[in-house]
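This report concerns only the one structure given below.
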Amino acid sequence: DSGVTQTPKHLITATGQRVTLRCSPRSGDLSVYWYQQSLDQGLQFLIQYYNGEERAKGNILERFSAQQFPDLHSELNLSSLELGDSALYFCASSVGRDRESNYGYTFGSGTRLTVV
Amino acid sequence: GENVEQHPSTLSVQEGDSAVIKCTYSDSASNYFPWYKQELGKGPQLIIDIRSNVGEKKDQRIAVTLNKTAKHFSLHITETQPEDSAVYFCAARGSGGYQKVTFGTGTKLQVIP
């Protein structure tokens, strides 16, 4: 157990639907990152939050949104789902202090989304 | 932004042989270089990292080297075992607060018994 909890582990939904993926970061970590990993693909950075505020955006579609709540858990909302959105979605957390820091990420076990 | 290139994309070695994965990065300000191992159906796991003030770091059968001048770093796995079979990702992180980690495209390592 990495300490980063993602729910649900698996999700099957139809095209056009909306889903919410949830992530609880490791205790003490303030930063949360969302990544998408399609079949046999690398890790595509979607978005980063630090202590409730958006810090960086990557290749995140307008149909996708995220937020980080006061208790530091984060949710990734995917709407108007398309077949191509089928992928593994990973959440990672890090200490994310505002001074220069060299800390790695701790990943959750991911949510496998299948759009049919 | 940072760009990280990783080679090879696939690598097959015989059990007991060594495996080397190489990465280059573009941002000379990057100062932290982690390596992740992703087993099938699992999230990536940090296996070793190196900071820019160090040229080499070793942890049992795994070692990482960094050449800041050439902006490349490598992962070396010696005496490979079947359980080393996985996808390995290199990454680089810029200096300063809130800098995200940029990942390479991954190397699928197969250790043949």
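The values are calculated or read from the model by the stated rules, or taken from the named source; none is laboratory data. Just so it is clear, the structure is predicted and the values come from calculations on it, not from any experiment. Virtual Cβ from ideal backbone geometry, glycine too; neighbours counted across all protein chains shown. Each accessible area value is taken on the protein alone, full model and side chains, heavy atoms only, with ligands, DNA and RNA left out. Shrake-Rupley method; radii C 1.70, N 1.55, O 1.52, S 1.80 Å.
Summary table
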read-out: Taking segment A:28-95 and dividing mean pair separation by its residue count, relative contact order in percent (alpha carbons under 8 Å, at least six apart); value: 39
read-out: Share of carbon and sulfur in the accessible heavy-atom surface of chain A [1.4 Å probe, %]; value: 45
read-out: Highest-fluctuation residue, A:Leu83, A:Leu39, A:Leu21 considered, GNM on chain A with Cα pairs under 10 Å; value: A:Leu39
read-out: Longest exposed-site-free window of chain A, the sites being trypsin sites (Lys or Arg not before Pro) in a DSSP loop that have at most 15 other C-beta atoms within 10 Å; value: A:19-62
read-out: Probe 1.4 Å, protein heavy atoms only - accessible area per residue of segment B:1-87 in square angstrom; value: 53
read-out: Backbone HN-Hα couplings from phi across segment A:8-19 [Karplus 6.51/-1.76/1.60, Hz, Gly and Pro as x]; value: x, 7, 9, 8, 10, 8, 8, 4, x, 7, 10, 9
read-out: Karplus 3J(HN,Hα) series, Hz, for segment B:100-113 with 6.51 cos²θ - 1.76 cosθ + 1.60 (x for Gly, Pro); value: 7, 8, 9, 9, x, 7, x, 10, 8, 9, 10, 9, 8, x
read-out: Cα-projected label distance for B:Gln60 with A:Ala14, points at 7 Å along beta-carbon direction, nm; value: 5.0
read-out: A:Ser109 - accessible surface, heavy atoms, 1.4 Å probe, Å² rounded to 10; value: 50
read-out: Percent of beta bridges antiparallel (DSSP, the protein assembly as shown, rounded to nearest 5); value: 90
read-out: Candidates A:Ile47, A:Ile12, A:Ile60: whichever shows maximal mean-square fluctuation once chain A is modelled as a Gaussian network with Cα springs under 10 Å; value: A:Ile12
read-out: Difference of contour (0.36 nm per residue) and Cα-Cα distance, B:Glu39 to B:His72; value: 9.4 nm
read-out: Sequence-distant lysines (8 or more away, or on other chains) whose Cα lies within less than 17 Å of B:Lys58; value: B:Lys22, B:Lys37
read-out: Per residue solvent-accessible surface (Å²) - segment A:5-116, probe of 1.4 Å; value: 47
read-out: Buried solvent-accessible surface, both chains (A, B), 1.4 Å probe, Å² to nearest 100; value: 1800
read-out: Solvent exposure, largest accessible area first (probe 1.4 Å, DNA, RNA and ligands not counted), of B:Glu79, B:Glu2; value: B:Glu79, B:Glu2
read-out: Note, ³J(HN,Hα) from phi for segment A:21-32, Karplus 6.51, -1.76, 1.60, rounded to Hz, x at Gly and Pro; value: 9, 10, 9, 10, x, 5, 4, x, 7, 9, 9, 10
read-out: Euclidean distance between Cα centres, segment B:12-26 to segment A:46-98, Å; value: 32
read-out: DSSP-defined antiparallel bridges as percent of all bridges, chain B, nearest 5; value: 90
read-out: At R0 = 25 Å, FRET efficiency that the Cβ-Cβ distance of A:Glu54 and A:Ser27 yields, to 0.05; value: 0.65
